[in-house]
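Reading through the structure tokens given below for one structure.
The values are calculated or read from the model by the stated rules, or taken from the named source; none is laboratory data. Everything quoted here is computed from the prediction, not taken from an experiment. Heads up, the Cβs are rebuilt from the backbone with ideal geometry, glycines too, and the neighbour counts pull from every protein chain shown.
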Amino acid sequence: MMELKEDYKGYRGQTLECLLKYEAMVWCDVEVKTNDGTFIGLILPRSEQADEYHIVLKLRTGYNIGIASEKVQDIKINGRKIAVYKIPEKEFPFDPKKPNVKLLGTGGTIASRLDYRTGAVIPAFSPGELYGSVPELADICNLDTQKLYGVFSENMGPEQWIGTATAIVKEIRAGAHGIVIGHGTDTMHHTAAILSFMVQNSPVPIVMVGSQRSSDRPSSDAALNLIHSVRTAAESDFAETMVCMFGPTSDEYGLLHRGTRVRKMHPSYRSTFRTIGDIPIAMVDRKKFTPLRNDYKRRRDDRDVELMPFFEERVGMVYYYPNMHPDMMDSMIDNGYKGIVIAGTGLGHINKPLYPALKRAKDKGIAVYMTVQTLWGYVQMYVYDTGRDMMELGVVPCANMLPEVCYMKLCWALGQSSDLNEVKRIMLTPIAGEITEREPSNGYLIYQGGIPEVEEFISKYRK
Ligand code: ASP
């Protein structure tokens, strides 16, 4: 019985009947004839939650497709090769001359599917498994790994942020030459922001990494992102909290983004992470680092890192849209929220009907901060008198802090103090580049591609 389950993993109902009819099983190399044509590939196992109407085939191109079992006219079996789920564990070699890097895992695609060669799914990542799947890592450093969590990143929250910050500081104090954090990409920029505030004065690089494409696809970015990030942690001079992911859509180089200026900008491109309103810290490839600016914090030998694990949970964010009704804001006020971040339109606007809610928030001592949903550029509340009116009502403009970064910083600031003047001082004092004096003229379009001056700028850095 057990054997049957493995051979038909995830299939039930009409798809299971269809497979049984043609004597096909999971991992069979097949030609499936359907009403829509013939498809050649490998039958993949399905997850327990998958529907019961589709057979999933990995095509020769590496892409997976679902074929409705009711459309199947015939299945011809050409062979069967059972994929190995577990990557062979090889002992990660230790070389006393190499730097020691700690990889802390929180989950996401990068942690769950790392075997980019076989396409098999692995659940975790011990050093041995990592070495088995990305052997280049051993040329770079001595790698030690620890799984902190195993969640998709939408499930990260204060407990995990504080836990990760605490683990980072512990490893730095214990002598790690660099830290890598494996994380789901969806909320990597939220975590990068809060870690930038919770872990301060790090003497070594703290590099967040993920993968945008699951590693069972030939186009996966998992291995290269790992190599780039581990190299950055081991060898680079950038002692900041950064995100390391594909720069261009090709695998030419990775970019190191400052943790407070980075944002996921595309749900599926591998080059999804962009530095907003500024330029990235550096480019990284297999051989070198190319700094794109020189104001980064340098690596040091001391261990004087500071842990500031503060977090107030009763903070909300409002993405303003025209015709928003005041009850949206009232509900936060009535439910005891202590802080509200607004992502306003243009220079930082919301409509007049919301002003009474702002007044109520002010009277209740709730901290209200304004950011711009244009993402690039600065809040400007002196340009129109509506901006001045809002400031009268206690709204604090947040310069060019990104909305998510502002949200994280307000949680962190209110976690330290309930004195609104002190909170304001913390909020408006830049700690890790979250507010910058000016946006560089090439910051807006940088690396968006396809525009001659941007291409020319990039070509200066390409060798
Ligand atoms: N949904 C996943 C996550 O953010 C995507 C990824 O790992 O990149 O956890």
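Points worth noting:
- Here is the figure for the stretch 344-371: residues that are part of a strand (DSSP E or B) and either out of contact with any strand residue (DSSP E or B) (no Cβ under 6 Å at 6 or more places or on another chain) or under 24 Å from E422 (Cβ atoms) (or both) total 7.
- Residue list for the stretch 50-65, restricted to those being surrounded by fewer than 16 Cβ atoms within 10 Å (Cβ to Cβ), charged (D, E, K, R) and under 20 Å from D7 (Cβ atoms): D51, E52
- Among residues of the stretch 235-275, those that are at pLDDT below 90 and among the charged types (D, E, K, R), counted: 3
- Looking across the stretch 366-398, the residues that are of a type in the set (G, A, S) and closer than 19 Å to G316 by Cα come down to A367, G394.
- Qualifying residue in the stretch 209-225 (condition: modelled with pLDDT of 95 or more and away from the ligand (no atom under 12 Å from the Cβ)): no
- Selection count where residues are assigned to a loop (DSSP other than H, G, I, E, B) and surrounded by 14 or more Cβ atoms within 10 Å (Cβ to Cβ), scope the stretch 315-335: 3
- Counting only residues that are in a loop (DSSP other than H, G, I, E, B) and out of contact with any Leu (no Cβ under 7 Å at 6 or more places or on another chain), the stretch 8-18 holds 3 of them.
- Counting only helices (runs of 4 or more DSSP H) that sit completely within the stretch 372-435, those holding 3 or more residues that are crowded, with 24+ Cβ neighbours inside 10 Å correspond to 403-414.
- Qualifying positions in the stretch 146-191 - away from the ligand (no atom under 15 Å from the Cβ) and among the hydroxyl-bearing types (S, T, Y): T166
Residue by residue, here is whether (1) among the charged types (D, E, K, R); (2) closer than 17 Å to N225 by Cβ; (3) in contact with a strand residue (DSSP E or B) (Cβ under 6 Å, 6 or more places away or on another chain) holds:
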residue: E129; (1), (2), (3): yes, yes, no
residue: V134; (1), (2), (3): no, yes, no
residue: L137; (1), (2), (3): no, yes, yes
residue: E154; (1), (2), (3): yes, no, no
residue: P158; (1), (2), (3): no, no, no
residue: G163; (1), (2), (3): no, no, no
residue: E171; (1), (2), (3): yes, no, yes
residue: T191; (1), (2), (3): no, yes, no
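- Filter result (outside any loop (DSSP other than H, G, I, E, B) and closer than 19 Å to V405 by Cα) within the stretch 282-309: L307
Every residue, every condition in (1) assigned to a loop (DSSP other than H, G, I, E, B); (2) within 24 Å of V101 (Cβ to Cβ), yes or no:
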| position | (1), (2) |
| --- | --- |
| S220 | yes, yes |
| L224 | no, yes |
| V230 | no, yes |
| V243 | no, yes |
| R263 | no, no |
| R270 | yes, yes |
| R274 | no, no |
| G277 | yes, no |
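- Subset of the stretch 99-145 [within 16 Å of the ligand (Cβ to nearest atom), touching a Lys or Arg at 6+ places or on another chain (Cβ under 8 Å) and at pLDDT below 75]: A111, V121, I122, A124, F125
- Criterion (touching a Cys at 6+ places or on another chain (Cβ under 9 Å) and either small (G, A, S) or part of a loop (DSSP other than H, G, I, E, B) (or both)) met by exactly one of E312, E252: E312
- Looking across N294, N335, one residue alone is modelled with pLDDT under 95 and either on the phi > 0 side of the Ramachandran plot or among the polar types (S, T, N, Q) (or both). It is N294.
- Among residues of the stretch 19-42, those that are over 36 Å from the mean Cα position of the chain (by Cα) and part of a strand (DSSP E or B), counted: 7
- Single condition Y253 does not satisfy, out of (1) away from the ligand (no atom under 16 Å from the Cβ); (2) under 21 Å from T164 (Cβ atoms): (2)
- N201 being more than 16 Å from the ligand (Cβ to nearest atom) and at positive phi: yes
- Under the condition of being under 14 Å from Y8 (Cβ atoms) and either modelled with pLDDT of 90 or more or touching a Pro at 6+ places or on another chain (Cβ under 7 Å) (or both), the residues counted in the stretch 31-53 number 1.
- Tabulated pairs, the stretch 239-262, first under 24 Å from M401 (Cα atoms), second of a type in the set (S, T, N, Q) and part of a strand (DSSP E or B), C-beta under 7 angstrom, 6+ apart or interchain: H257/T275; R258/T275; G259/T241; R261/T275; V262/T275
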